[in-house]
Structures are given as C-alpha cells and as structure tokens.
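Comments concern the structure below.
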Amino acid sequence: MTEQQTRTVRPRSIGTSLDRVDGVEKVTGLASYAVEHGADDGVSAPLSLWLVTSTVARGRVARVDASRALDHPGVTAVIDHTNAPRLEQTDNGELAILQDDRVGFRGQVVALVLAETSEAAREGAALVDVAYEQEPHEAELREDNATYRPEQVNPAMETDTDEGDVDAAFASAQVLVEQTYRTPYEHNNPLEPHATVAWWGQHDGRDLLSMYDSTQGVHGVVQSLAPMLGLEPDQVRVRAPYVGGGFGSKGEAHAHVMATALAARTTGGRPVRLAVTRQQMFALTGYRTATISHLRLGADADGRLTAIEHAVQEQTSVVREFAEQTASPTRMLYAAPNRRTSHRLARLDVAVPSWMRAPGEMPGMYAHEVAMDELAVACDLDPIVLRERNEPDLDPETGKPFNDRRLLDCLHRGAERFGWDARPREPRAVLDGDWWVGTGVASATYPAMKQPGNTARVTSLGDGRYAVAIGSVDIGTGARTVLTQIAADALEVDPSDVDLEIADSLLPSASVAGGSSGTSSWGSAIVAAGQLFRHDHGARPDPGLHTTASAADDPAAEELAFHSFGAVFAEARVNRWTGEVRVPRLHGVYSVGRVINPRTARSQLVGGLVMGLSAGLFEESHRDPRFGHVVTQDLATYHVASHADVLGVDAEWLEESDEAFTPMGSRGIGEIGIVGTAAAVANATFHATGVRVRSLPLTPDHFL
Ligand code: MOS
C-alpha cells in the first residue's frame, strides 16, 4: 500500500447525471438486502432469532424461566446471561449484552430465542418468563438533572468553549435576545429496518465469523465486534451489499448485531438470522436526544453581534455515553467576538442515543437560527441583512481562513429564486382565505470531513476494463454510482469500463458512510489508486496488474477551515381556525464543492430538506418517564412527512470546485439539507402568524 499525493481529477463523468449503476437491480427486486441472505453454501437454512427485551428500566434479571418457550414447537434454544458465550471485552456497554444480570434501560436485550421459523421464535420469545428485581430509575430529561459535564462531545469535540468576555459583552449589549428552545426525541426510521445474518465456521484452522449486516460501515462492524469476541479483525467478515437507508442508525453496530453473533456461536455453524422489528428499533438502534438550548444573543443597535452564548442540556444513557454536539455550529457560524458554548447531560436509565442525520447541527441550528430571526425582529432588520452584518472574515472557532465560505452567496441566490424581496417586513400581514401566509429563512452549515484509513485497489481486467475495490457501503445515497464516476475519471476511462466492488470487509479498508464524509474519503483513495496505477502501468496495462493506495494528507489543507454552507427559504401557511401548518414552498441553495452526480446529489439535498420539514412539523418521540421507554414506537404514532405533506421542495447548488479539499473538488452533501430547515419553517410560521414557537415540532396547538 502506498500513500499517494493526488492531482485534481479532470471531470468527464464527474458532473454528469449517470444513471444509478444499481438502479435496475433495485427496481426489479434483484438487489438483496441483509435479511434475504443465508450462509454462502446456500444449504444451511438459517435459524431465526427473536429478541426478548426488558420490561423494566433499571434493576437485575432475577430469573429467566425458559421452560415454556423450549416446549414450543420449533424453538431450539433460549440464551440468557447465564448461558450466553462470554465476551473478552465489555467496556462498550451497549454491545456487551447478556454478560451479567444488570438491566440498564427498558427495551434492553435480556434473552435470545432461536427457532426453526421466525413465527416460532417470536412465539417462543413471548413465552420466556423473566423476573426482575426492579430499582428506581430516572428517565426524564429536565433542566435540573442535566448537569453532568462529559469529557467531550461527538465525535471528539470540546464540551465547552469560552472566548472573549461574554458577560461584559452581554452587560453592554444594546439588543439582547435570551430564549430557550427545545427539540424532541427523534428516531431514525430508514425504510429497511436493521437486520443481521451470521454464522461461524473455520478458515485455516481458525474461527471465522461471517455476517451480512444492514450497516453503514462493514469495517466498523468488524472493528467493534472482533475484540469483544476475542477475534482478530481478519476472523470477522461483514458484507452489506444493499442497505435501505440508515441516517446514522446503522453507523455503528448496535446490540442486535452482537446478539446475532452470540446466538450463532451456539448453533454448531448453522446460520442465524435476525430481523429487528420497527418497534424494537425505537429502543435498540439509536435516536436523537431531546435538547434544551439556552441561547443568548447580544448585539448593537445595527444588529452586529457582540456576544453569543449557547448552553445545551440533553441526555445520554448510563449504559453508554453519547453526547450530541448541539452547540458546535454556534461556535463557527457568525462573527461575534465573545462566544461561549457548553453541553450538559442528564445520565438516564434509557436506551443509548446515537447519530441521526446531522447530529448537533440539526437541533443546534434550529435553536440558533430561530434566535437569529428573533434578533432580526428586535433590530428591525431583514433577516438576510442581519446575517450579512455578521459575516466573519476568519473562522471564529479556529481563527483559520475558511477555504470557501459562500453563505451570503447562498442567501442571495435563494432570495432571488424565492422572491424574498416581495416579503412584507411585518408578521401576520397576509391572510389568504383561512390561511395566514408567511416566509422565513435560515442558514445552514456542515463541516467538510474526510476520514483516515481509506484504501482502494485498482486491477486491470484487460480490454480497457478495470476492477476498483474499496470496502465502503452504499446505503441508498448513490455511492456506488458516484464512486464509479470518480474511478472512471481517475483512470480516464468510461464509467462502463469500471467494475466497482464495495460492501465487503475483505476489500481494502473504508470509513463509515456517515458525517457526509463518505464520498470525500473513499473517492480520494480511489483517485490516489487510479492515478498511481496510470502512472505505473500506463493506459494499456496487461490484465491482472494491480495497485493499492490511499490518499496522502495535504499539509497545506491544515491551514484552512473546511465547511459547507447553505440557505433555506420556506413559505408557511397556518390555518387560522385549526392551526394546521402547510409548507407549499421549500427552497435550499447550497455551497458543497463540486457536485459529482446532479441526480443523486439533488436526491440527497431534497431528502435532507424533506427530513428537516418532517422534523419541523411532525417528528416527536414520547418517552414515558414512569416506565422509561418510548411509547410512540411505530410509524402510526411516530409521524414522518408523507408525500401529501411534501409540496414544493427544491434544491440547487452553486457551481464551484473545492480542490483544496478533495481531488474531485467535492465536499459532501448527505447532511446539510436537514440543517436549518426546521428553523426556516419555524421562522416562516412566525412571519405568517406573529406567534413565536420555540419548540419542535410545530404542531397546530401552538398557533391556537
Ligand atoms: Mo450520519 S448521522 O453521520 O449517518
């Protein structure tokens, strides 16, 4: 393996709307998802696994009576903490299931049932009798219990920041906005629920665990499971050929993956198949914590920010810590010389929170951008003018120059496309029949990230064709397609001459499809390998030649702050009698570097806008603190935007190329579409009605 300096790729396929290379497989049903797989021999029929989950939020499992389950026809085994295979490491409390009798949250895995059919496994699970010694629990996030200071916030950011003299600046501010904003619990609901198939075998005299898993990163699953199971990474193979969405919930292995691996350990090599139910996802596969944002903005009479404070309260789980970086965008977005941010957590006896599309930026920018709208009103300024006055010269957080900060270009372009100038300054100015009509705007930002540890392999197949291999995953975003385009341009061939192999941990290592970093990270490695291959072997290589490389770091890039930017414009109509909110127009303009495939990019950005709209109007999980679990645990009670809710949504982007960031000129697009969108909708409802709502979702009762 070589570290290779990369040159900017000359875009030929990049920038075109190549059809999805796996589109036919997907629409004809040939694409197989994790749960559809069995062992590779095609002979051993999988046993079905069903999870028994705890009905108490905290305590001990006193006794598991499996006798009735074992008597049920088809049930082959019941596994609990007394007979489960032992793990060698247990410090990841989310994955270390069935190692002791502790119960850390309601919905935790306390037993596994294996059976010949899924129906028998499910029935068997209902027949397992678990007795608990219950202890008092705490499952409610409140301002008075969110006092724990974590060492860092996701992914490895400072918990608190403090620049300048914030208190003095607030004391002398001519205009002050001081408000508290709340966002609810939200749950990732990809179309395909999580699923894992696993079997144990032998290879070269050593154990080999093979898995199909619905994951955003096959290598990540290997890295988290192998040491816990006492295996070397090359003793675990994970494949994820097709994945029906993730939004972060498949970014890390969750307890059900370990459950499948442990259950498969006991079957003498027979594969085990687990399909997590939609209901179980609400306790087992991560979610976005609720947040409480205390925002203070101090400004002079012209709206120039003198101080910003964003103090966040949210929750984690006693089982495993996850601290959402909710104040992170507040640190770098506007030019105030005095800035303070903090994160405090309630450590609750609840399921483990995790990544959900734009963790941090989504709830944090909702709060900050609604506060900015309130400041615009307080200063009697147009919200776009307010943002123009607070545009920093350098990244306020690091002091580095931004590589390419085009927030104002996004705002101005969007204003023109949206018809912003026609907007009356006063709220509650337009009544159309029974509907108050208003418009709102919000900024969006997301860091541009590249992950380490990405390697690609190029092999010549003869006749001008190439195999390009990297262990990345396409979770439905179009990664297969854009990586094919990147490989084609790096090798200076047609995309139809590239056979792309992904989604197998036997392939060269690749980082997670997360943090909007996938295409940048994997694509840079593919370019490195493609360019090195051409350099070493020329344009007419013999078949079988291969080159493996990863992209070398560019030290010059250390001097720059890389972020993407955007502006979201929304029109809201609020029914004067019912409070119902409709959003007939949503328009996002983005600066995200070069767009590799306009078709798949548009789908990502529009998807992000729709998810932001959904968060703005509907999404809200209700946790019952008496029992500790989320009671709205299906799509009937957890409302996501349906087609009828999504009216005019459009996304566009600025023509640009960020060659300091990646050799493709791209920066990443998976998450920025959701950022700021709920704030734009909230601000539009204020403009429509004059009612300022400071919590999500914007349900009708707020406007009555
Ligand atoms: Mo995304 S929440 O980083 O999968």
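The values are calculated or read from the model by the stated rules, or taken from the named source; none is laboratory data. All values reported here derive from a predicted model rather than from experimental measurement. Note that we place each Cβ from the backbone using ideal geometry, even for glycine, and neighbour counts take in every protein chain shown.
Select from the range 285-311 the residues that are under 20 Å from His187 (Cβ atoms) and of a type in the set (A, V, I, L, M) and write down the one among them that is farthest from the chain's Cα centre (by Cα).
So the residue we want is Ile292.
Identify the residue in the range 517-551 that is out of contact with any helix residue (DSSP H, G or I) (no Cβ under 7 Å at 6 or more places or on another chain) and either basic (Lys, Arg) or assigned to a loop (DSSP other than H, G, I, E, B) (or both) and, among all such residues, is nearest to Arg357 (Cα to Cα).
Result: Ser517.
Among the numbered criteria (1) at pLDDT 95 or above; (2) within 24 Å of the chain's Cα centre (by Cα); (3) crowded, with 20+ Cβ neighbours inside 10 Å, which single criterion is violated by Asn683?
The single condition Asn683 does not satisfy is (2).
Criterion first (assigned to a helix (DSSP H, G or I) and either in contact with an Asp or Glu (Cβ under 7 Å, 6 or more places away or on another chain) or crowded, with 18+ Cβ neighbours inside 10 Å (or both)) does Ala69 satisfy it? Please lay out each step first, then the result.
Details: assigned to a helix (DSSP H, G or I): yes; either in contact with an Asp or Glu (Cβ under 7 Å, 6 or more places away or on another chain) or crowded, with 18+ Cβ neighbours inside 10 Å (or both): yes.
Answer is yes for this residue.
Tell me yes or no: at least one residue of the range 30-51 is touching a residue at least 12 places away in the same chain (Cβ under 8 Å), over 30 Å from Ala139 (Cβ atoms), in a strand (DSSP E or B) and not aromatic (Phe, Trp, Tyr).
yes
When Ile674 is evaluated against the numbered criteria (1) more than 16 Å from the ligand (Cβ to nearest atom); (2) at negative phi; (3) touching a strand residue (DSSP E or B) at 6+ places or on another chain (Cβ under 9 Å); (4) not basic (Lys, Arg), which criterion, by number, is the only one it fails?
Result: Ile674 passes all but (1).
Only one residue in Ala126, Ala146, Ala111 is outside any strand (DSSP E or B), touching a strand residue (DSSP E or B) at 6+ places or on another chain (Cβ under 6 Å) and among the small types (Gly, Ala, Ser). Which one? Lay out the reasoning, then the answer.
Values: Ala126 fails: touching a strand residue (DSSP E or B) at 6+ places or on another chain (Cβ under 6 Å); Ala111 fails: outside any strand (DSSP E or B).
Answer to the selection: Ala146.
Is at least one residue of the range 201-213 away from the ligand (no atom under 16 Å from the Cβ), outside any strand (DSSP E or B) and crowded, with 24+ Cβ neighbours inside 10 Å? Quick ask: steps written out before the conclusion?
From the range 201-213, those away from the ligand (no atom under 16 Å from the Cβ) are 201-212; that's our starting set.
Next, only the ones that are outside any strand (DSSP E or B) stay: 204-205.
Add one more test, that the residue is crowded, with 24+ Cβ neighbours inside 10 Å, and what stays is none.
Within the range 201-213, not a single residue is away from the ligand (no atom under 16 Å from the Cβ), outside any strand (DSSP E or B) and crowded, with 24+ Cβ neighbours inside 10 Å.
Given the condition within 15 Å of the ligand (Cβ to nearest atom) and either in a loop (DSSP other than H, G, I, E, B) or without any contact (Cβ under 8 Å) to a residue 12 or more places away in the chain (or both), answer yes or no: does some residue in the range 253-265 qualify?
Yes; the residues of the range 253-265 include at least one that is within 15 Å of the ligand (Cβ to nearest atom) and either in a loop (DSSP other than H, G, I, E, B) or without any contact (Cβ under 8 Å) to a residue 12 or more places away in the chain (or both).
Can you pull out the residues in the range 340-391 that are among the polar types (S, T, N, Q) and within 18 Å of Thr183 (Cα to Cα)?
First, the residues of the range 340-391 that are among the polar types (S, T, N, Q): 341-342, 354, 390.
Thr341, Ser342, Ser354, listed by residue number.
Might you check whether a residue that is surrounded by fewer than 24 Cβ atoms within 10 Å (Cβ to Cβ), closer than 27 Å to Gly670 by Cβ and of a type outside the set (S, T, N, Q) occurs anywhere in the range 344-353?
Looking for residues that are surrounded by fewer than 24 Cβ atoms within 10 Å (Cβ to Cβ), closer than 27 Å to Gly670 by Cβ and of a type outside the set (S, T, N, Q), one finds none in the range 344-353, hence no.
Is it the case that some residue within the range 214-226 is closer than 19 Å to Leu51 by Cβ, hydrophobic (A, V, I, L, M, F, W, C) and more than 16 Å from the ligand (Cβ to nearest atom)?
yes
Tell me, please, whether a residue that is part of a strand (DSSP E or B) and either surrounded by fewer than 21 Cβ atoms within 10 Å (Cβ to Cβ) or not assigned by TED's automatic domain parsing to the domain that holds Thr459 (or both) can be found in the range 80-94. Steps first, please.
Going residue by residue through the range 80-94, those that are part of a strand (DSSP E or B) are none.
Looking for residues that are part of a strand (DSSP E or B) and either surrounded by fewer than 21 Cβ atoms within 10 Å (Cβ to Cβ) or not assigned by TED's automatic domain parsing to the domain that holds Thr459 (or both), one finds none in the range 80-94, hence no.
Just give me the residues in the range 501-524 being under 14 Å from Gly665 (Cα atoms) and more than 16 Å from the ligand (Cβ to nearest atom), in sequence order.
Scanning the range 501-524 gives Gly523, Ser524.
Within the range 358-381, is even one residue away from the ligand (no atom under 16 Å from the Cβ) and of a type in the set (Phe, Trp, Tyr)? Can you show your working first?
To start, the set of residues in the range 358-381 that are away from the ligand (no atom under 16 Å from the Cβ) comprises 367-381.
Within this subset, residues satisfying the condition of being of a type in the set (Phe, Trp, Tyr) are none.
Within the range 358-381, not a single residue is away from the ligand (no atom under 16 Å from the Cβ) and of a type in the set (Phe, Trp, Tyr).
Restricting to the range 471-494, name every residue that is away from the ligand (no atom under 16 Å from the Cβ) and among the charged types (D, E, K, R).
Of the range 471-494, the ones away from the ligand (no atom under 16 Å from the Cβ) are 471, 480-494.
Once the filter is applied, which keeps residues that are away from the ligand (no atom under 16 Å from the Cβ) and among the charged types (D, E, K, R), the range 471-494 yields Arg480, Asp489, Glu492, Asp494.
Which ones in the range 575-594 are out of contact with any Leu (no Cβ under 9 Å at 6 or more places or on another chain) and buried (at least 24 other Cβ atoms within 10 Å of the Cβ)?
Applying the first criterion (out of contact with any Leu (no Cβ under 9 Å at 6 or more places or on another chain)) to the range 575-594 yields 575, 580, 593-594.
Answer for the range 575-594, where residues must be out of contact with any Leu (no Cβ under 9 Å at 6 or more places or on another chain) and buried (at least 24 other Cβ atoms within 10 Å of the Cβ): just Gly593.
Within the range 456-470, identify whether any single residue is modelled with pLDDT of 95 or more, within 16 Å of the ligand (Cβ to nearest atom), small (Gly, Ala, Ser) and buried (at least 24 other Cβ atoms within 10 Å of the Cβ), and answer yes or no.
no
Return a yes/no flag: does the range 277-288 have any residue that is at pLDDT 95 or above, closer than 27 Å to Ala376 by Cβ and surrounded by fewer than 24 Cβ atoms within 10 Å (Cβ to Cβ). So that I can check it myself, show each step before the final result.
Going through the range 277-288, the residues at pLDDT 95 or above turn out to be 277-288.
Checking the rest, the ones that are also closer than 27 Å to Ala376 by Cβ come to none.
Checking the range 277-288: not a single residue is at pLDDT 95 or above, closer than 27 Å to Ala376 by Cβ and surrounded by fewer than 24 Cβ atoms within 10 Å (Cβ to Cβ).
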